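Scroll down for the structure; my scribbles are underneath it.
The values are calculated or read from the model by the stated rules, or taken from the named source; none is laboratory data. Owing to the predicted nature of the structure, the values given are computational and were not obtained by experimental measurement. Cβ atoms come from the backbone with ideal geometry, glycine included; neighbour counts cover every protein chain shown.
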Amino acid sequence: MGRPPLNPRLAEFGTTIFAEMSALAQRTGAINLGQGFPDTDGPEEIREAAVRALREGRGNQYPPGPGVPELRAAVSEHQRRFYGLDVDPDTEVLVTAGATEAIAAALLALVAPGDEVVALEPYYDSYAACVALAGGTRVPVTLRPDGPDGGFRLDLDELRAAVTDRTRLLLLNTPHNPTGTVLTRAELTAVAELACERDLLVVTDEVYEHLVFEGEHVPIASLPGMHDRTVTISSSGKTFSFTGWKVGWVTAHPELLTAVRSAKQYLTFVSAGPFQYAIAEALALPDTYFTALREDLRAKRDLLAAGLADAGFTVHPPRGTYFITTDVRALGERDGFAFCRSLPERCGVVAVPNAVFHDDPEAGRSQVRFAFCKREAVLREATDRLRALAP
Ligand SMILES: Cc1ncc(COP(=O)(O)O)c(C=O)c1O
(Lines give C-alpha, C1' and ligand atoms only; values in the text may rest on other atoms or scores of the structure.)
Protein backbone atom coordinates (compact mmCIF):
# COMPACT_ATOMS: atom_id res chain seq x y z
CA MET A 1 0.00 0.00 0.00
CA GLY A 2 1.52 3.32 -1.07
CA ARG A 3 -0.17 6.14 0.78
CA PRO A 4 -0.83 5.70 4.51
CA PRO A 5 -4.57 5.28 5.15
CA LEU A 6 -4.96 8.18 7.56
CA ASN A 7 -5.86 11.61 6.20
CA PRO A 8 -2.63 13.66 6.54
CA ARG A 9 -4.60 16.28 8.51
CA LEU A 10 -4.94 13.68 11.27
CA ALA A 11 -1.46 12.18 10.93
CA GLU A 12 -0.20 13.62 14.21
CA PHE A 13 -3.17 12.33 16.20
CA GLY A 14 -2.70 8.72 17.26
CA THR A 15 -4.58 6.89 19.99
CA THR A 16 -5.64 9.27 22.75
CA ILE A 17 -3.80 9.10 26.03
CA PHE A 18 -7.07 8.20 27.75
CA ALA A 19 -7.33 4.93 25.85
CA GLU A 20 -3.73 4.05 26.68
CA MET A 21 -4.02 4.93 30.36
CA SER A 22 -7.45 3.32 30.82
CA ALA A 23 -6.08 0.09 29.28
CA LEU A 24 -3.15 0.32 31.71
CA ALA A 25 -5.56 0.79 34.62
CA GLN A 26 -7.52 -2.28 33.56
CA ARG A 27 -4.44 -4.42 33.07
CA THR A 28 -2.93 -3.53 36.42
CA GLY A 29 -6.11 -3.10 38.49
CA ALA A 30 -5.00 0.44 39.33
CA ILE A 31 -7.39 3.19 40.46
CA ASN A 32 -8.14 5.27 37.37
CA LEU A 33 -7.84 8.97 38.16
CA GLY A 34 -6.87 9.55 34.53
CA GLN A 35 -10.17 10.01 32.74
CA GLY A 36 -12.75 12.58 33.84
CA PHE A 37 -15.92 10.60 34.35
CA PRO A 38 -17.79 10.19 37.64
CA ASP A 39 -17.96 6.71 39.18
CA THR A 40 -21.56 7.24 40.31
CA ASP A 41 -24.51 8.07 38.11
CA GLY A 42 -26.51 11.29 38.27
CA PRO A 43 -29.95 11.81 39.89
CA GLU A 44 -32.28 8.84 39.99
CA GLU A 45 -35.28 10.93 38.91
CA ILE A 46 -33.43 11.96 35.75
CA ARG A 47 -32.63 8.33 34.94
CA GLU A 48 -36.32 7.60 35.44
CA ALA A 49 -37.19 10.52 33.14
CA ALA A 50 -35.10 8.85 30.40
CA VAL A 51 -36.85 5.51 31.02
CA ARG A 52 -40.24 7.22 30.83
CA ALA A 53 -39.33 8.91 27.55
CA LEU A 54 -38.19 5.57 26.11
CA ARG A 55 -41.37 3.81 27.23
CA GLU A 56 -43.66 6.58 26.05
CA GLY A 57 -41.99 6.66 22.66
CA ARG A 58 -40.63 10.18 23.00
CA GLY A 59 -37.41 10.47 20.99
CA ASN A 60 -37.21 6.89 19.77
CA GLN A 61 -37.29 8.12 16.19
CA TYR A 62 -35.15 10.94 14.74
CA PRO A 63 -35.76 14.02 16.87
CA PRO A 64 -35.89 17.45 15.18
CA GLY A 65 -32.52 18.63 13.79
CA PRO A 66 -31.99 21.49 16.25
CA GLY A 67 -33.04 19.31 19.22
CA VAL A 68 -36.40 18.62 20.87
CA PRO A 69 -38.31 21.82 21.75
CA GLU A 70 -38.46 20.85 25.46
CA LEU A 71 -34.65 20.73 25.71
CA ARG A 72 -34.12 23.90 23.68
CA ALA A 73 -36.56 25.70 25.98
CA ALA A 74 -34.77 24.29 29.04
CA VAL A 75 -31.35 25.43 27.77
CA SER A 76 -32.75 28.90 27.12
CA GLU A 77 -34.30 29.02 30.61
CA HIS A 78 -31.01 27.80 32.16
CA GLN A 79 -29.08 30.65 30.50
CA ARG A 80 -31.64 33.13 31.83
CA ARG A 81 -31.80 31.66 35.33
CA PHE A 82 -28.05 31.44 35.96
CA TYR A 83 -26.66 34.29 33.84
CA GLY A 84 -29.55 36.59 32.91
CA LEU A 85 -28.93 35.81 29.22
CA ASP A 86 -31.73 36.07 26.71
CA VAL A 87 -31.47 33.11 24.32
CA ASP A 88 -34.20 32.37 21.77
CA PRO A 89 -34.95 28.63 22.01
CA ASP A 90 -36.01 28.48 18.36
CA THR A 91 -33.17 30.30 16.65
CA GLU A 92 -30.29 30.39 19.15
CA VAL A 93 -30.06 26.84 20.58
CA LEU A 94 -28.71 23.71 18.89
CA VAL A 95 -28.59 20.31 20.63
CA THR A 96 -25.50 18.20 19.85
CA ALA A 97 -24.01 14.80 20.63
CA GLY A 98 -22.16 16.08 23.67
CA ALA A 99 -19.89 19.10 23.75
CA THR A 100 -17.47 17.08 21.62
CA GLU A 101 -19.75 17.29 18.58
CA ALA A 102 -20.48 20.93 19.32
CA ILE A 103 -16.73 21.70 19.26
CA ALA A 104 -16.27 19.78 16.01
CA ALA A 105 -19.27 21.38 14.33
CA ALA A 106 -18.31 24.89 15.46
CA LEU A 107 -14.73 24.57 14.24
CA LEU A 108 -15.64 22.86 10.96
CA ALA A 109 -18.28 25.51 10.33
CA LEU A 110 -16.28 28.60 11.21
CA VAL A 111 -12.65 27.82 10.35
CA ALA A 112 -11.46 27.80 6.72
CA PRO A 113 -8.10 26.45 5.51
CA GLY A 114 -5.37 28.89 6.46
CA ASP A 115 -7.30 30.49 9.32
CA GLU A 116 -5.55 30.69 12.67
CA VAL A 117 -7.27 29.61 15.87
CA VAL A 118 -5.86 30.95 19.12
CA ALA A 119 -6.47 28.49 21.97
CA LEU A 120 -5.48 28.28 25.60
CA GLU A 121 -2.86 25.58 26.09
CA PRO A 122 -2.83 22.96 27.62
CA TYR A 123 -6.00 22.13 25.67
CA TYR A 124 -8.68 19.51 25.73
CA ASP A 125 -7.48 17.05 23.12
CA SER A 126 -10.30 17.34 20.59
CA TYR A 127 -9.57 21.04 19.94
CA ALA A 128 -6.31 20.40 18.11
CA ALA A 129 -7.77 17.56 16.04
CA CYS A 130 -10.83 19.60 14.99
CA VAL A 131 -8.78 22.66 14.06
CA ALA A 132 -6.59 20.33 11.96
CA LEU A 133 -9.63 18.70 10.30
CA ALA A 134 -10.90 22.14 9.35
CA GLY A 135 -7.49 22.92 7.79
CA GLY A 136 -6.83 25.67 10.32
CA THR A 137 -3.65 26.41 12.21
CA ARG A 138 -3.68 26.37 15.97
CA VAL A 139 -1.82 29.06 17.83
CA PRO A 140 -1.34 28.19 21.49
CA VAL A 141 -1.28 30.63 24.37
CA THR A 142 0.14 28.79 27.35
CA LEU A 143 -1.44 29.05 30.79
CA ARG A 144 1.32 29.03 33.40
CA PRO A 145 1.26 28.14 37.10
CA ASP A 146 2.28 31.59 38.26
CA GLY A 147 -1.02 32.77 39.74
CA PRO A 148 -0.96 34.30 43.24
CA ASP A 149 -2.33 31.08 44.81
CA GLY A 150 -0.07 28.75 42.80
CA GLY A 151 -2.83 28.15 40.25
CA PHE A 152 -2.60 28.65 36.49
CA ARG A 153 -3.13 32.05 34.90
CA LEU A 154 -3.71 33.54 31.45
CA ASP A 155 -1.15 36.12 30.32
CA LEU A 156 -3.27 38.69 28.48
CA ASP A 157 -0.25 40.24 26.76
CA GLU A 158 0.65 36.85 25.33
CA LEU A 159 -2.93 36.46 24.15
CA ARG A 160 -2.87 39.85 22.42
CA ALA A 161 0.48 39.05 20.81
CA ALA A 162 -0.85 35.74 19.46
CA VAL A 163 -3.53 37.46 17.34
CA THR A 164 -2.55 38.16 13.72
CA ASP A 165 -4.40 39.24 10.59
CA ARG A 166 -5.09 35.57 9.91
CA THR A 167 -6.73 34.90 13.28
CA ARG A 168 -10.32 33.78 12.80
CA LEU A 169 -11.32 32.90 16.30
CA LEU A 170 -10.39 32.57 19.93
CA LEU A 171 -11.13 29.16 21.41
CA LEU A 172 -11.71 29.50 25.15
CA ASN A 173 -12.39 26.97 27.85
CA THR A 174 -13.48 28.20 31.25
CA PRO A 175 -13.48 26.56 33.78
CA HIS A 176 -10.40 25.08 32.15
CA ASN A 177 -9.47 21.44 31.76
CA PRO A 178 -6.81 20.36 32.79
CA THR A 179 -5.56 23.32 34.88
CA GLY A 180 -8.74 24.22 36.80
CA THR A 181 -8.31 27.90 35.86
CA VAL A 182 -11.50 29.96 36.00
CA LEU A 183 -11.14 33.09 33.91
CA THR A 184 -12.17 36.13 35.93
CA ARG A 185 -14.63 38.78 34.82
CA ALA A 186 -11.70 41.19 34.36
CA GLU A 187 -9.77 38.70 32.22
CA LEU A 188 -12.82 37.88 30.13
CA THR A 189 -13.56 41.57 29.68
CA ALA A 190 -10.05 42.03 28.28
CA VAL A 191 -10.54 39.01 25.99
CA ALA A 192 -13.88 40.42 24.84
CA GLU A 193 -12.32 43.82 24.08
CA LEU A 194 -9.61 42.09 22.05
CA ALA A 195 -12.23 40.09 20.12
CA CYS A 196 -14.21 43.25 19.32
CA GLU A 197 -11.11 45.28 18.41
CA ARG A 198 -9.75 42.58 16.06
CA ASP A 199 -13.17 41.44 14.85
CA LEU A 200 -12.73 37.84 16.03
CA LEU A 201 -15.24 35.14 16.75
CA VAL A 202 -15.09 33.40 20.12
CA VAL A 203 -15.91 29.75 20.67
CA THR A 204 -16.16 29.04 24.38
CA ASP A 205 -16.35 25.61 25.96
CA GLU A 206 -18.14 25.94 29.31
CA VAL A 207 -18.89 22.30 30.15
CA TYR A 208 -17.64 22.81 33.74
CA GLU A 209 -19.79 25.92 34.26
CA HIS A 210 -21.36 24.53 37.46
CA LEU A 211 -18.05 23.36 38.95
CA VAL A 212 -16.57 26.62 40.20
CA PHE A 213 -15.21 26.52 43.75
CA GLU A 214 -13.67 30.00 43.93
CA GLY A 215 -14.92 33.03 42.06
CA GLU A 216 -17.80 32.89 39.58
CA HIS A 217 -18.45 31.50 36.14
CA VAL A 218 -18.87 34.35 33.67
CA PRO A 219 -20.10 33.41 30.19
CA ILE A 220 -18.18 35.65 27.80
CA ALA A 221 -21.40 35.90 25.74
CA SER A 222 -22.79 38.06 28.55
CA LEU A 223 -20.14 40.77 28.10
CA PRO A 224 -20.64 43.90 25.96
CA GLY A 225 -20.27 43.34 22.22
CA MET A 226 -20.06 39.57 22.56
CA HIS A 227 -23.57 38.29 21.90
CA ASP A 228 -23.17 38.46 18.13
CA ARG A 229 -19.68 36.97 17.95
CA THR A 230 -19.73 34.16 20.55
CA VAL A 231 -20.53 30.47 20.17
CA THR A 232 -21.12 29.02 23.65
CA ILE A 233 -20.84 25.28 24.17
CA SER A 234 -21.97 23.25 27.15
CA SER A 235 -23.09 19.77 27.99
CA SER A 236 -25.07 17.72 30.45
CA GLY A 237 -22.28 15.18 31.00
CA LYS A 238 -20.37 16.94 33.77
CA THR A 239 -23.26 18.83 35.36
CA PHE A 240 -25.56 15.83 35.72
CA SER A 241 -23.04 12.95 35.85
CA PHE A 242 -24.36 11.22 32.76
CA THR A 243 -21.29 11.43 30.54
CA GLY A 244 -22.44 8.41 28.52
CA TRP A 245 -25.64 10.09 27.34
CA LYS A 246 -23.73 12.63 25.25
CA VAL A 247 -26.25 15.44 25.32
CA GLY A 248 -24.63 18.80 24.65
CA TRP A 249 -25.69 22.12 23.17
CA VAL A 250 -24.62 25.29 21.45
CA THR A 251 -26.07 28.73 22.04
CA ALA A 252 -25.26 31.56 19.64
CA HIS A 253 -26.64 34.42 17.59
CA PRO A 254 -28.93 32.98 14.85
CA GLU A 255 -26.42 33.62 12.05
CA LEU A 256 -23.62 31.81 13.87
CA LEU A 257 -25.94 29.06 15.03
CA THR A 258 -27.10 28.44 11.47
CA ALA A 259 -23.47 28.06 10.38
CA VAL A 260 -22.74 25.56 13.18
CA ARG A 261 -25.92 23.65 12.34
CA SER A 262 -24.81 23.36 8.72
CA ALA A 263 -21.77 21.35 9.87
CA LYS A 264 -23.61 19.46 12.62
CA GLN A 265 -26.28 18.11 10.27
CA TYR A 266 -23.62 16.12 8.39
CA LEU A 267 -21.88 14.81 11.50
CA THR A 268 -24.66 13.10 13.46
CA PHE A 269 -27.74 14.84 12.02
CA VAL A 270 -29.46 14.18 15.38
CA SER A 271 -28.77 12.12 18.49
CA ALA A 272 -29.94 10.79 21.85
CA GLY A 273 -33.72 11.36 21.46
CA PRO A 274 -35.05 10.08 24.82
CA PHE A 275 -32.08 11.48 26.74
CA GLN A 276 -32.86 14.94 25.42
CA TYR A 277 -36.22 14.85 27.24
CA ALA A 278 -34.53 13.68 30.44
CA ILE A 279 -31.90 16.43 30.30
CA ALA A 280 -34.66 19.00 29.78
CA GLU A 281 -35.94 17.91 33.20
CA ALA A 282 -32.42 17.92 34.66
CA LEU A 283 -31.82 21.54 33.65
CA ALA A 284 -34.93 22.50 35.61
CA LEU A 285 -33.71 20.89 38.86
CA PRO A 286 -33.76 23.29 41.82
CA ASP A 287 -30.72 25.35 42.81
CA THR A 288 -30.06 22.92 45.66
CA TYR A 289 -29.02 20.27 43.11
CA PHE A 290 -26.37 22.51 41.55
CA THR A 291 -25.09 23.69 44.95
CA ALA A 292 -24.86 20.14 46.31
CA LEU A 293 -22.92 18.98 43.23
CA ARG A 294 -20.44 21.80 43.66
CA GLU A 295 -20.01 21.29 47.39
CA ASP A 296 -19.55 17.53 46.98
CA LEU A 297 -16.80 18.11 44.43
CA ARG A 298 -15.22 20.87 46.49
CA ALA A 299 -14.78 18.41 49.37
CA LYS A 300 -13.31 15.85 46.97
CA ARG A 301 -10.96 18.43 45.53
CA ASP A 302 -9.72 19.28 49.01
CA LEU A 303 -9.31 15.61 49.92
CA LEU A 304 -7.28 14.77 46.82
CA ALA A 305 -5.24 17.99 46.94
CA ALA A 306 -4.23 17.28 50.54
CA GLY A 307 -3.34 13.67 49.71
CA LEU A 308 -1.25 14.71 46.72
CA ALA A 309 0.58 17.34 48.77
CA ASP A 310 1.26 14.74 51.51
CA ALA A 311 2.66 12.40 48.88
CA GLY A 312 5.13 15.09 47.84
CA PHE A 313 3.54 16.55 44.68
CA THR A 314 3.44 20.27 44.02
CA VAL A 315 -0.30 20.95 43.77
CA HIS A 316 -1.59 23.78 41.57
CA PRO A 317 -4.96 24.46 43.21
CA PRO A 318 -7.87 24.35 40.75
CA ARG A 319 -10.64 26.94 41.12
CA GLY A 320 -12.99 24.84 39.02
CA THR A 321 -13.50 21.58 37.04
CA TYR A 322 -12.80 18.18 38.55
CA PHE A 323 -9.11 18.00 37.80
CA ILE A 324 -5.96 18.83 39.72
CA THR A 325 -2.73 19.52 37.87
CA THR A 326 0.41 18.68 39.85
CA ASP A 327 4.12 18.97 39.24
CA VAL A 328 6.24 15.88 39.81
CA ARG A 329 9.64 17.56 40.04
CA ALA A 330 9.23 17.80 43.80
CA LEU A 331 9.25 13.98 43.75
CA GLY A 332 12.57 13.94 41.94
CA GLU A 333 10.88 13.16 38.59
CA ARG A 334 11.29 15.11 35.36
CA ASP A 335 9.00 13.56 32.83
CA GLY A 336 5.24 13.27 33.31
CA PHE A 337 4.90 10.59 30.59
CA ALA A 338 7.45 8.27 32.18
CA PHE A 339 5.97 8.99 35.59
CA CYS A 340 2.40 8.14 34.49
CA ARG A 341 3.52 4.97 32.71
CA SER A 342 5.25 3.75 35.88
CA LEU A 343 2.65 4.91 38.41
CA PRO A 344 0.28 1.89 38.19
CA GLU A 345 3.15 -0.53 38.94
CA ARG A 346 4.61 1.71 41.62
CA CYS A 347 1.49 2.41 43.59
CA GLY A 348 -1.66 1.33 41.75
CA VAL A 349 -2.95 4.70 40.52
CA VAL A 350 -3.43 6.05 36.99
CA ALA A 351 -3.03 9.72 36.05
CA VAL A 352 -2.38 11.52 32.73
CA PRO A 353 0.63 13.60 31.69
CA ASN A 354 -0.31 17.19 30.82
CA ALA A 355 2.26 17.16 28.00
CA VAL A 356 -0.36 15.49 25.78
CA PHE A 357 -2.45 18.67 26.01
CA HIS A 358 0.42 20.88 24.77
CA ASP A 359 1.84 21.76 21.37
CA ASP A 360 5.10 22.43 23.10
CA PRO A 361 5.57 19.35 25.30
CA GLU A 362 8.36 21.11 27.21
CA ALA A 363 5.78 23.50 28.65
CA GLY A 364 3.94 20.70 30.45
CA ARG A 365 6.67 18.08 30.70
CA SER A 366 6.64 17.71 34.48
CA GLN A 367 2.89 18.23 34.97
CA VAL A 368 0.46 15.42 35.71
CA ARG A 369 -3.35 15.57 35.98
CA PHE A 370 -5.53 13.70 38.47
CA ALA A 371 -9.36 13.59 38.38
CA PHE A 372 -11.34 13.82 41.62
CA CYS A 373 -14.86 13.01 40.34
CA LYS A 374 -14.76 9.67 42.18
CA ARG A 375 -16.35 8.26 45.33
CA GLU A 376 -14.76 9.46 48.56
CA ALA A 377 -13.63 5.93 49.48
CA VAL A 378 -11.88 5.61 46.12
CA LEU A 379 -10.10 8.93 46.59
CA ARG A 380 -9.03 7.92 50.12
CA GLU A 381 -7.66 4.64 48.84
CA ALA A 382 -5.85 6.45 46.01
CA THR A 383 -4.27 8.98 48.36
CA ASP A 384 -3.18 6.18 50.73
CA ARG A 385 -1.50 4.46 47.80
CA LEU A 386 0.11 7.68 46.55
CA ARG A 387 1.64 8.31 49.98
CA ALA A 388 3.99 5.42 49.18
CA LEU A 389 5.74 7.89 46.83
CA ALA A 390 6.56 10.33 49.62
CA PRO A 391 10.31 10.75 49.84
C1 LIG B 1 -13.16 20.81 28.31
C2 LIG B 1 -14.03 19.72 27.83
N3 LIG B 1 -14.84 19.93 26.78
C4 LIG B 1 -15.65 18.96 26.32
C5 LIG B 1 -15.68 17.72 26.89
C6 LIG B 1 -16.56 16.65 26.31
O7 LIG B 1 -17.86 16.81 26.66
P8 LIG B 1 -18.98 15.76 26.18
O9 LIG B 1 -18.78 14.49 26.94
O10 LIG B 1 -20.26 16.44 26.46
O11 LIG B 1 -18.76 15.53 24.71
C12 LIG B 1 -14.86 17.45 27.99
C13 LIG B 1 -14.85 16.10 28.60
O14 LIG B 1 -13.97 15.73 29.33
C15 LIG B 1 -14.01 18.48 28.46
O16 LIG B 1 -13.20 18.28 29.51
### Query
Which one of V191, V131 is part of a helix (DSSP H, G or I), farther than 22 Å from Y322 by Cβ and touching a strand residue (DSSP E or B) at 6+ places or on another chain (Cβ under 6 Å)?
V131
#### Entry: Answer residue from the range 277-327, given it is more than 17 Å from L386 (Cβ to Cβ) and acidic (D, E) and is surrounded by the most Cβ atoms within 10 Å (Cβ to Cβ) among those
E281
### Message
Among (1) assigned to a helix (DSSP H, G or I); (2) surrounded by fewer than 18 Cβ atoms within 10 Å (Cβ to Cβ), there is one condition L85 misses while meeting the rest; what is its number?
### Response
(1)
### Query
Within the bounds of the range 42-52, is there any residue that is part of a loop (DSSP other than H, G, I, E, B), under 18 Å from K238 (Cα atoms), more than 14 Å from the ligand (Cβ to nearest atom) and modelled with pLDDT of 95 or more?
yes
### Summary
Taking the range 148-170 and the residues there that are in contact (Cβ under 8 Å) with a residue 60 or more places away in the chain and surrounded by 14 or more Cβ atoms within 10 Å (Cβ to Cβ), the one that is farthest from L201 (Cα to Cα) would be G151
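Looking at the range 1-38, which of its residues are of a type in the set (D, E, K, R) and either under 21 Å from Y123 (Cβ atoms) or not assigned by TED's automatic domain parsing to the domain that holds R346 (or both)? Let's see the steps before the verdict.
The initial filter retains those residues of the range 1-38 that are of a type in the set (D, E, K, R), namely 3, 9, 12, 20, 27.
Result: R3, R9, E12, E20.
Go through the range 202-229 and give me each residue that's of a type in the set (V, I, T), more than 12 Å from the chain's Cα centre (by Cα) and either within 24 Å of A50 (Cα to Cα) or more than 16 Å from the ligand (Cβ to nearest atom) (or both). Even if it seems obvious, please write down each step before you answer.
Residues of the range 202-229 of a type in the set (V, I, T): 202-204, 207, 212, 218, 220.
Subsequent filtering for residues that are more than 12 Å from the chain's Cα centre (by Cα) retains 202-203, 212, 218, 220.
Result: V218, single match.
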### Message
For the range 100-128, give me each residue that is farther than 15 Å from Q265 by Cα, touching a residue at least 40 places away in the same chain (Cβ under 8 Å), within 10 Å of the ligand (Cβ to nearest atom) and part of a helix (DSSP H, G or I).
### Response
D125, Y127
### Message
Looking at the structure I just gave you, is G248 assigned to a helix (DSSP H, G or I), touching a residue at least 60 places away in the same chain (Cβ under 8 Å), within 11 Å of the ligand (Cβ to nearest atom) and crowded, with 23+ Cβ neighbours inside 10 Å?
### Response
no
